[in-house]
Ligand SMILES: N[C@@H](CCC(=O)N[C@@H](CS)C(=O)NCC(=O)O)C(=O)O
């Protein structure tokens, strides 16, 4: 009986922990703490990965750092909280992190029923398949009956079932809980195919024992707009996170980079001047300093720099810009204007 | 003190001074307070979540799940609901816990008795088994069986072929699947009849033995009945069962039933780990029965095997049952480590994938805890009933 009561007690404690948090002004909290707590993956090359000294790198990591630079003036003032796919939303809802930047797909359910808001897209992705070259398969339509490794709690899991059903094929879902575990299961031949967002397939392939023995199938079976997420109901913070990324995209469009910020401060292009805060009060109305983008651009750079540094053609991930190119360059990156 | 001769009998105290009344009142107050606090917290949580735009309530149980599950005892596909995924997970948890309890009990009893064997080798082997499996963390053992043992089996195309009907590979064991045709009910009926008759026969034999000392061969006759009656049913209906034999097709085996390696690894680890504790419990139970009992039984001319079965084990059971119950509870709860290797138990399917796809953490965690609590209370109840049956009866 004692045990029963204990169990019930613990249960309730859990509920309170989640429910008792007041609607917080996250911007003030981050300022008071002097540090941004940012949820990232447990390790995904190019997106968010720690090295042996605990230094995090990746495009999702830079997205966090850019916010820290804008709010605190210091891109290093970030505490990274590694989260599995299954943990990420609860961590954000319960206030354990201030923002989530963990290759997370923007979907209706997540946006509308989890009490969360997506602030934008920092990488447009789509789901694909990785398979052992020796099997001689060259299209996803030949995958009937395959055992497929997939990570728990992802959109990947749902798209997989949709795709096979739509094509009247059967599959066996081998569900694992981290990308490391999926690479391992694929390596051990527990599954015939590995599925995840295509950008991540490239990264996962580098972790296999024989990267060249695996091929990525041509089909892309879904839309995966990945972006930062914040709690719903804190519009001030939502705006900050949203406009830091828009600022970086606009900066690339107007040719402002970490290399030329100082010169650009002299620019008399009004668009540039508004981004850098030499004209107008964009920072002030967001609750930041007017020159917040100067900190972001000197410490992290514009969107293009963030891309090239982490996932671009000269990195081990080796992705081309593709649809993630600016709208002016034939891609779909289009940020609302700074005015 | 003066006495007028009548014995001093305390009158009934006022209710507020009566310890029994007070105890009841205080317990009621305490229970109400706990219930009130719990209810307020729950209400508070729900309204907080609603104000933050997080969906609440159990409506999600009727929405389409949309994800695949590798193994299900009940019919499941991705067009079914989250309510169904709950049942799929629950059935898989019950399966691995039930099998685990059964196997751990058998292995534990054998090892516990072996530990006290008069044979040096048997004793040392049992000791080594217990010390090894009891002292290595369970999670490590699960990984060991999964990665180091089952994971090294060949792929499906190089599977170990057992007589062209069963195949062992790193995707699990595939066995032929019986397909029951309409007349097959008679086989089931035969089995049921066999079990019932054997049960009553055993009871009758025990009574008769107690009264007259005559022994009736229950074991061989029961075995014949339990196996023979279904066989008879099978023959009468002219073999109403056909077999779906697995065959390699495309990526994997098609047809048959597959026991996935995740189940195998989890079951092996849970069984061997828990059995090592049960062995120790059995040993201490047996050692708690005084030597005099054995000596007396031997002096009466009972053979050693019978001494163990008729004299020692029944008395040892009284000491064994309570800690054995905790081991059963541990095993059931430990089965949630399934998530580490991806066996689709309740925690994995429901508190993992379903929670993440719906985001309804509070409801799902509460449901999952309620399930484990109910399973545990149910096991405790059964064991308490059994304990009462074997407990020392004062005569
Ligand atoms: N974009 C998808 C998938 C995200 C996801 O979790 N992908 C895996 C790729 S296998 C991952 O990032 N794993 C890294 C980790 O386990 O921390 C979603 O939002 O559901």
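Summary of computed values
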quantity: Residue within region A:145-161 that is in contact (Cβ under 8 Å) with a residue 40 or more places away in the chain and away from the ligand (no atom under 13 Å from the Cβ) present; calculated: yes
quantity: Residue within region A:231-244 that is within 16 Å of the ligand (Cβ to nearest atom) and within 18 Å of residue A:104 (Cα to Cα) present; calculated: no
quantity: Failed item in (1) over 19 Å from residue A:67 (Cα atoms); (2) in a loop (DSSP other than H, G, I, E, B), with residue A:288 passing the rest; calculated: (1)
quantity: Qualifying residues in region B:124-142 (those that are touching a helix residue (DSSP H, G or I) at 6+ places or on another chain (Cβ under 7 Å) and farther than 16 Å from residue B:107 by Cβ) - the one surrounded by the fewest Cβ atoms within 10 Å (Cβ to Cβ); calculated: B:139
quantity: Scan of region A:162-183 for residues that are without any contact (Cβ under 8 Å) to a residue 40 or more places away in the chain and within 23 Å of the chain's Cα centre (by Cα), ordered by number; calculated: A:175, A:176, A:181, A:182, A:183
quantity: Selection from region A:162-178 of residues that are near the ligand (Cβ under 8 Å from one of its atoms) and either facing another protein chain (nearest Cβ under 8 Å) or in contact with a helix residue (DSSP H, G or I) (Cβ under 7 Å, 6 or more places away or on another chain) (or both); calculated: A:177
quantity: Selected residue (only one of A:63, A:84, A:119 is in contact (Cβ under 8 Å) with a residue 60 or more places away in the chain, buried (at least 20 other Cβ atoms within 10 Å of the Cβ) and out of contact with any helix residue (DSSP H, G or I) (no Cβ under 8 Å at 6 or more places or on another chain)); calculated: A:84
quantity: Residue A:157 vs. criteria at the interface with chain B (Cβ under 10 Å from one of its Cβ atoms) and touching a helix residue (DSSP H, G or I) at 6+ places or on another chain (Cβ under 8 Å); calculated: yes
quantity: Region B:228-256 residues that are within 14 Å of another protein chain (Cβ to nearest Cβ), paired with ones that are loosely packed, with under 14 Cβ neighbours inside 10 Å and assigned to a loop (DSSP other than H, G, I, E, B) (beta carbon under 6 Å, 6 or more apart); calculated: none
quantity: Answer residue from region A:301-317, given it is surrounded by 23 or more Cβ atoms within 10 Å (Cβ to Cβ) and outside any helix (DSSP H, G or I) and is modelled with the lowest pLDDT among those; calculated: A:311
quantity: Test for residue A:41: is it touching a helix residue (DSSP H, G or I) at 6+ places or on another chain (Cβ under 6 Å), away from chain B (no Cβ under 14 Å), within 16 Å of the ligand (Cβ to nearest atom) and over 16 Å from residue A:297 (Cα atoms); calculated: no
quantity: Strands (runs of 3 or more DSSP E) contained in region A:179-230 and holding at least 1 residues within 13 Å of the ligand (Cβ to nearest atom) and crowded, with 24+ Cβ neighbours inside 10 Å; calculated: A:193-197, A:224-226
quantity: Scan of region B:268-286 for residues that are more than 16 Å from residue B:136 (Cα to Cα) and surrounded by fewer than 24 Cβ atoms within 10 Å (Cβ to Cβ), ordered by number; calculated: B:281, B:283, B:284, B:285, B:286
quantity: Test result for residue A:121, within 15 Å of the chain's Cα centre (by Cα) and within 16 Å of the ligand (Cβ to nearest atom); calculated: yes
quantity: The lone exception for residue A:253 - which of (1) without any contact (Cβ under 8 Å) to a residue 60 or more places away in the chain; (2) buried (at least 17 other Cβ atoms within 10 Å of the Cβ); (3) in the same structural domain as residue A:318 (by TED's automatic domain parsing) it fails; calculated: (1)
quantity: Single match in B:356, B:348 (criterion: within 17 Å of residue A:158 (Cβ to Cβ), part of a helix (DSSP H, G or I), without any contact (Cβ under 8 Å) to a residue 24 or more places away in the chain and over 17 Å from the mean Cα position of the chain (by Cα)); calculated: B:356
quantity: Flag for residue A:105 being within 16 Å of the ligand (Cβ to nearest atom) and surrounded by fewer than 24 Cβ atoms within 10 Å (Cβ to Cβ); calculated: yes
quantity: Residue list for region A:111-130, restricted to those being within 10 Å of chain B (Cβ to nearest Cβ) and more than 28 Å from residue A:302 (Cα to Cα); calculated: A:112, A:113, A:114, A:115
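One line per residue, one yes/no per condition, for (1) assigned to a loop (DSSP other than H, G, I, E, B); (2) crowded, with 16+ Cβ neighbours inside 10 Å; (3) over 26 Å from the mean Cα position of the chain (by Cα):
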| position | (1), (2), (3) |
| --- | --- |
| B:195 | no, no, no |
| B:199 | no, no, no |
| B:202 | no, no, no |
| B:208 | no, no, yes |
| B:216 | yes, no, yes |
| B:226 | no, yes, no |
| B:234 | no, yes, yes |
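The values are calculated or read from the model by the stated rules, or taken from the named source; none is laboratory data. What you are looking at is a predicted structure, and each value in this text was computed from that prediction instead of being measured. No Cβ is skipped: glycine too gets one built from the backbone with ideal geometry, and neighbour counts run over all protein chains shown.
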